[in-house]
1. Identify, by number, the condition in (1) over 30 Å from E163 (Cβ atoms); (2) without any contact (Cβ under 8 Å) to a residue 12 or more places away in the chain that T194 doesn't meet.
2. Just checking, does the range 248-259 include any residue being buried (at least 17 other Cβ atoms within 10 Å of the Cβ) and out of contact with any strand residue (DSSP E or B) (no Cβ under 8 Å at 6 or more places or on another chain)?
3. Of the numbered conditions (1) under 28 Å from L144 (Cβ atoms); (2) in contact with a strand residue (DSSP E or B) (Cβ under 6 Å, 6 or more places away or on another chain); (3) of a type outside the set (D, E, K, R), A242 satisfies every one except a single condition; which is it?
4. Among the listed residues A323, A308, A350, identify the single one that is surrounded by fewer than 20 Cβ atoms within 10 Å (Cβ to Cβ) and either assigned by TED's automatic domain parsing to the domain that holds V182 or within 28 Å of D364 (Cβ to Cβ) (or both).
5. Please identify the pairs in which a residue from the range 290-303 that is within 25 Å of L341 (Cα to Cα) has its Cβ atom under 6 Å from the Cβ atom of a residue that is hydroxyl-bearing (S, T, Y), counting only partners at least 6 apart or on another chain.
6. Of all the residues that make up the range 163-202, how many are farther than 16 Å from R363 by Cα and of a type in the set (S, T, Y)?
7. Which residues, taken from the range 260-284, are crowded, with 19+ Cβ neighbours inside 10 Å and part of a strand (DSSP E or B)?
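The values are calculated or read from the model by the stated rules, or taken from the named source; none is laboratory data. If you're wondering where the values come from, they're calculated on a predicted model, not measured in any experiment. Here the Cβ positions follow ideal geometry from the backbone for every residue, glycine too, while neighbour counts run over all protein chains shown.
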Amino acid sequence: MKSIMSVNRLWFHPHRLHIEWADGEWSEFASVWLRDNRHEDRDAHSGQRLIDIVDVPENPRIRSAVIDGGAVRIEWEAEPRSDSFDLGWLRTNASHEGPVRPAFARRPWLAAAQLDVTRDFRWARFSELHADRALRADWLTRLLQDGIAFLSDVPPGDGSLLEAAALAGRVLETNYGLVFDVRAVPQPENLAFTDLGLGLHTDNPYREPVPGFQALHALVTSPAGGDSLFADGMAIAQHLRAVDPDAFAILTQTAIPFLYRSKEAELYAERPLIQLSCAGEVTAIHYNSRSIAPLRLAPEHLELFYAAYRRFAALLREVRFQAKFKLRDGDLVIFDNQRTLHGRSAFSSARHPRHLRGCYLSRDSVYSEAALLRREYCPEAFS
């Protein structure tokens, strides 16, 4: 589908194409980038590139560039050919035009204690989400924006969790199986399977890859204790960057060893507590104090790390950054396991049994499902 874009002015020199758009914005495109993105060099069915960079001229030069309908037609020096680039495609792929998927841009919620979980996050009834694909497109979009979303009235049957999770993405099998039960058991191999309160954390930083999303289905909730805690770990990391940039830098540059051992698993991985993109943006939080193995660092580095670690941990304990909510029987929450930290208050299973069932979903599958639904119900975003 071609996009109709208005252009105020177009000009070029051999190695650059410049466009001033009708809204006053302007974009600049390198000739080698244009030459590498010819429509004819992609498979018509899959869209995958048919050539490698060595097949592209090393120094392509623009001989002429003109507006031709809704496209820019370019003729090349030393090549008996011309190529057309759709104006809408150029605008969408301009380097300064923001995120590739703006609909999924994160919405931070640092002051979580001020939020009403039932009002400020996306909820849907399980049966309605199952039946309405347009509703699911909106619900998944909010899940990706906020890092958390909820379902209500999910049946208690054994397969209900997997059926609900399949509406969001693909379930990952781990040493716990496809699903795991969160309840107190004798001689637990994980502190999650006790009555203890758990501080804010992300799950399984010792896995490769770290599970992208987690789903928890409340089967039996406790009237006394067992409240769920949630926090926007990325927003708290950004807050740390603002108030203590040195501590932030240390936590992004120090590889932490995470270890999990049980009778059936030996899992180990190293990653920083705060992970950054190449552009320096926070892309993931890996915080699980229960699973950190002894660090093997020089004493002077250890002292700096522990001071920064304590600074971040203290922020995670601040009530103002925590959303507290008691799940009801039949509620289900899905959250971004590399952004949204979760925890719980203590409870007594001897007095009031508490039983949640959980599973993990691959990160790419959740984003893919959301994108496919938006392609179906918001086609203008993909034109």
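1. (1)
2. yes
3. Unmet condition: (2).
4. A350
5. If the second residue must be hydroxyl-bearing (S, T, Y), the pairs left are S291/Y206; S291/Y260.
6. Selection size over the range 163-202: 2.
7. Y260, A269, I274, V282, A284
Conditions (1) outside the structural domain of D227 (by TED's automatic domain parsing); (2) buried (at least 18 other Cβ atoms within 10 Å of the Cβ); (3) in contact with a helix residue (DSSP H, G or I) (Cβ under 7 Å, 6 or more places away or on another chain), marked per residue:
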| site | (1), (2), (3) |
| --- | --- |
| A113 | no, no, yes |
| T118 | no, no, no |
| S127 | no, no, no |
| A131 | no, no, no |
| L135 | no, no, yes |
| L143 | no, yes, no |
| I148 | no, yes, no |
| D153 | no, no, yes |
